[in-house]
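K.L.:
One structure follows; several queries about it will come next.
Every read-out reported here was derived from the displayed coordinates using simple, explicitly stated rules and does not represent laboratory data. Everything quoted here is computed from the prediction, not taken from an experiment. For neighbour counting, all protein chains shown are included, and Cβ atoms are generated from backbone atoms with ideal geometry for every residue, glycine included.
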Amino acid sequence: MNRPVVEGVVFEVQDAAPREVYFQALAMFRKVNRLCFESVRSTSSEPAPPKGEIRPYDVRLMVLAAAERLQRVKQEFGIVEESVRPPRDVTKRPTDVFHALIAVNRQLNLLLDEKFAPCDVYEQITLAMSYASRLRSRFPGSRIPDSPPLVEGRTSADVYRGLLACFQQIEIIANESGLKILNLSDQAASGDEAAASDLFDLAALLVGELRHLHARSDAGGPLREAYYPGEISFSQLDRRVGLLHAQLQELAQLTRAAREQGSAE
């Protein structure tokens, strides 16, 4: 399709679980679905979310659903060459699949006419805030912190660093709750090369981890629906990420205090 080939990954992880791989596969499906719409004006519903623990099988189903969408695009462009299936490598682990999906997601974004933008990331952050609010509701006096001031001139790198800061708070919440999530590498922590599509992939990871925490808590109730905000700037997105960080920071403090109180009793 005469588009450049992307190299490398923006962020690396360690000890990924199938659920974390699944949400990168879901991000891939959404990008392929958009590509299919741009090419043949055809979209498909997302596969139904798995019930209970996410397994490698669920990841495979999502990848196959994306592959079916991509096949429609190949037919539209008359691409008849079949991809060569590599031999099975039993040494590969979920972390390897995670990194492969990140690379595929970055390449897919280059194929799109309407590339993933701050508004797409904003929707993911809104969903993450909904999960955080439900987790916060377990504690008395639940409220959403005040939104930070808008700072003009923010870039994708600023948003990237804000998302990493959010993930650090999620790590604290998970550790204080006796749960395990993946480790984000400190490499490429500046995010200088991050595009909005990369921010979307990282935000999808945050949503997946918060979904995991929510599923293992007693925080019931419906989630607020994520809404499309229209065209927004990186500064507006950075402000939204800052609000999520404030939520998570408070939640981390409350979770730690609850654990310490439980240990003292």
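K.L.:
At 7 Å along the Cα-to-beta-carbon direction for both Ser45 and Asn175, put a label point, then send me their distance in nm to one decimal.
P.N.:
4.2 nm
K.L.:
For segment 75-111, which GluC sites (Glu not before Pro) are in a loop by DSSP, counting at most 14 other Cβ atoms within 10 Å?
P.N.:
Glu81, Glu82
K.L.:
Treating only the Cα positions of segment 130-179 as identical point scatterers, give the base-10 log of I(q)/I(0) from the Debye formula at each q in 0.16, 0.28 Å⁻¹.
P.N.:
Evaluating at q = 0.16, 0.28 Å⁻¹ gives log10 I(q)/I(0) of -0.66, -1.14.
K.L.:
Here's a follow-up. Report, in degrees rounded to the nearest 10, the 0 to 90 angle that the Cα long axis of helix 196-215 makes with the longest principal axis of the chain.
P.N.:
50 degrees
K.L.:
For Val13, enumerate residues with amide H under 5 Å from its amide H, sequence gap 5+ or separate chain, H modeled in the peptide plane.
P.N.:
Residues meeting the amide H criterion: Ser185.
K.L.:
Normalise the Cα radius of gyration of the chain by 2.2 N^0.38 Å (N = residues in it) and let me know the number.
P.N.:
Details: Rg = 19.0 Å, N = 265, 2.2 N^0.38 = 18.3 Å.
My calculation over the Cα atoms of the chain gives 1.04.
K.L.:
Tell me the Kirkwood radius of segment 10-113: reciprocal of the mean inverse pair distance over distinct alpha-carbon atoms, in Å.
P.N.:
Over segment 10-113, the inverse of the mean reciprocal pair distance is 14.6 Å.
K.L.:
Arranged from highest to lowest average of other beta-carbon atoms within 10 Å per residue, in what order do the peptides 166-174, 50-58 appear?
P.N.:
Details: 166-174: 20.4, 50-58: 13.4.
With the highest mean Cβ count within 10 Å placed first, the list reads 166-174, 50-58.
K.L.:
Now for a separate question. Using Cα-only point scatterers and the Debye equation, what is log10 of I(q)/I(0) for segment 116-264 at each q in 0.15, 0.19 Å⁻¹, rounded to two decimals?
P.N.:
Cα-only, vacuum Debye calculation for segment 116-264: -0.74, -1.15.
K.L.:
Would you mind pulling out the separation of the Cα centroids of segment 108-165 and segment 206-234, in Å?
P.N.:
Measuring centre to centre over Cα atoms gives 10 Å.
K.L.:
Let me ask something else. Quick one: how many lysine pairs does the chain have with C-alpha atoms less than 21 Å apart and a gap of 8 or more or different chains? Give me the count, please. Provide the component values of the computation, followed by the final result.
P.N.:
Numbers: Lys31/Lys74; Lys31/Lys115; Lys51/Lys180; Lys74/Lys115; Lys92/Lys180.
Summing the qualifying lysine pairs gives 5.
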